[in-house]
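To start, the structure itself, in structure tokens.
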Amino acid sequence: MKGMSLIVKTITNIVIGFIFIYGVYIILHGHLTPGGGFAGGVIIAGAFILRFLAFGKGAKSEKKSSTTASIFESIGGLLFVGIAISGLLLAGTFFLNFLPKGEPFYLLSAGIIPLCNIAISIKVGAGLFSIFLALAAMKYVMED
Amino acid sequence: MIELYLFLAFILVAAIIATEIKDLLAAVISLGAVGFAVAIVFILVQAPDLAIVQIVVEVLTVVIFVAVILRTTHVDETIRKKLSGTQIFSIVLYAFFAILFLIVMFRSLQEMPDFGNPIMRVASEYIKLGLPKTGGANLVADVILDFRALDTLGEATVLFTSAIGVVALMRKSGRKK
């Protein structure tokens, strides 16, 4: 993949940090405002896809990013199941909200819900990015 | 409520254009119009969580579709060929059952209660106990990550399976020339 013009590259450099921070905000405030792990993960995957489309890299680096994305997706899934199983081990019920509830409407509240949001966001973001890599980099992989 | 019906009509028109147009790029853009209209409909029926997810997923879908179409082909060659006899027969059969289904649907929808009123028994429990039981201010997050976390685990598994499927289909190693 060759990448796009200088204008697109410059604008991408300016905008991509804001997109990333907005995704992190949506994830971390998932238990307070609309949004959550799924939406924030998709936004972060969108930031990575924007970078990939604007700059482009050779086929070798695509394979490396694909491996990294797969590893991160597995880590997210294992985190989510790990939270569920720790509820089973510590308190006796699968997916029990075993952490203290805290004060409502504060960032550190709602027990395991923020942790679940983070796990899901890692999983969804990495999963969608690896799907994009597999589909968009397809031609380059097949030509080798 | 009139704007809701306007958007629903717009969704129908855009969906028909998306299936019938010959240029694949235009079809993808019509599909994106359908998705954004669905997001606006979600806002109109007061579901901001779903609207956010719908918008970001729609953007991503359109980008992936465009990236794939730019690398493959622009023209859908299956549209506007001459129809064969069996195709006409299946279209007539489909139209018959669709009209039958719509009539039944119309009759049964008249029996339904109004939208969001009265609140169902399970939902009223969630609304009453959401904040005190979980401490989360966003009720949707409370439901999908606490009361119904097992459903979310299933949804995560579906996404994992689809990613594995796509990567396995597009893999390089072990493929015969």
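The values are calculated or read from the model by the stated rules, or taken from the named source; none is laboratory data. In this text, all values refer to a predicted model and were calculated from it rather than measured experimentally. Quick reminder, even Gly has a Cβ in these numbers, built from the backbone with ideal geometry, and neighbours come from all protein chains shown.
Set side by side, the residues B:Leu139, B:Leu83 differ, and just one is modelled with pLDDT of 80 or more and in contact with a helix residue (DSSP H, G or I) (Cβ under 8 Å, 6 or more places away or on another chain), which is B:Leu139.
Go through segment B:21-129 and tell me which helices (runs of 4 or more DSSP H), entirely inside it, have 1 or more residues that are within 14 Å of another protein chain (Cβ to nearest Cβ) and within 29 Å of A:Leu128 (Cβ to Cβ). It would help to see each step written out before you state the result.
Values: elements: B:24-44, B:48-71, B:85-109.
Because the criterion is at least 1 residues that are within 14 Å of another protein chain (Cβ to nearest Cβ) and within 29 Å of A:Leu128 (Cβ to Cβ), the helices (runs of 4 or more DSSP H) in segment B:21-129 that meet it are B:24-44, B:48-71.
Please enumerate the residues belonging to segment B:40-74 that are in contact (Cβ under 8 Å) with a residue 60 or more places away in the chain and surrounded by fewer than 17 Cβ atoms within 10 Å (Cβ to Cβ).
Hit for segment B:40-74 is B:Val45, nothing else.
Right, A:Ile75: surrounded by fewer than 16 Cβ atoms within 10 Å (Cβ to Cβ), in contact (Cβ under 8 Å) with a residue 12 or more places away in the chain, within 20 Å of B:Glu155 (Cβ to Cβ) and not acidic (Asp, Glu) or not? So A:Ile75 fits the description; yes.
Number of residues in segment B:142-163 that are in contact (Cβ under 8 Å) with a residue 12 or more places away in the chain and under 16 Å from B:Val53 (Cβ atoms): the value is 1.
Name the residue, out of B:Ala37, B:Ala18, B:Ala95, that is among the small types (Gly, Ala, Ser) and in contact (Cβ under 8 Å) with a residue 24 or more places away in the chain. Spell out how you get there, then give the answer.
Details: B:Ala18 fails: in contact (Cβ under 8 Å) with a residue 24 or more places away in the chain; B:Ala95 fails: in contact (Cβ under 8 Å) with a residue 24 or more places away in the chain.
Matching residue, one of B:Ala37, B:Ala18, B:Ala95: B:Ala37.
If you go through segment B:121-136 one residue at a time, how many are crowded, with 19+ Cβ neighbours inside 10 Å and free of Cβ contacts under 8 Å to residues at least 12 places away in the same chain? The total comes to 2. Residues that are of a type outside the set (Phe, Trp, Tyr) and modelled with pLDDT under 85 are absent from segment B:51-63 altogether. Among the residues of segment A:108-144, the ones that are at pLDDT 75 or above and more than 8 Å from chain B (Cβ to nearest Cβ) come to 11 in all.
Being among the basic types (Lys, Arg) and surrounded by 11 or more Cβ atoms within 10 Å (Cβ to Cβ) is a property that does not hold for B:Lys82. Within segment B:132-141, can one find any residue that is of a type in the set (S, T, N, Q) and within 14 Å of chain A (Cβ to nearest Cβ)? There is at least one residue in segment B:132-141 that is of a type in the set (S, T, N, Q) and within 14 Å of chain A (Cβ to nearest Cβ). Residue count for segment B:131-144 under the criterion of being within 16 Å of B:Pro48 (Cβ to Cβ) and either assigned to a helix (DSSP H, G or I) or aliphatic (A, V, I, L, M) (or both): the result is 7.
Run down A:Val81, A:Val124 and say which single residue is surrounded by 24 or more Cβ atoms within 10 Å (Cβ to Cβ) and either on the phi > 0 side of the Ramachandran plot or of a type in the set (Val, Ile, Thr) (or both). Every option except A:Val124 fails the conditions. Filtering A:Thr33, A:Thr93 for residues that are at pLDDT 80 or above, farther than 25 Å from A:Ser130 by Cα and either surrounded by fewer than 20 Cβ atoms within 10 Å (Cβ to Cβ) or of a type in the set (Val, Ile, Thr) (or both) leaves a single hit, A:Thr33.
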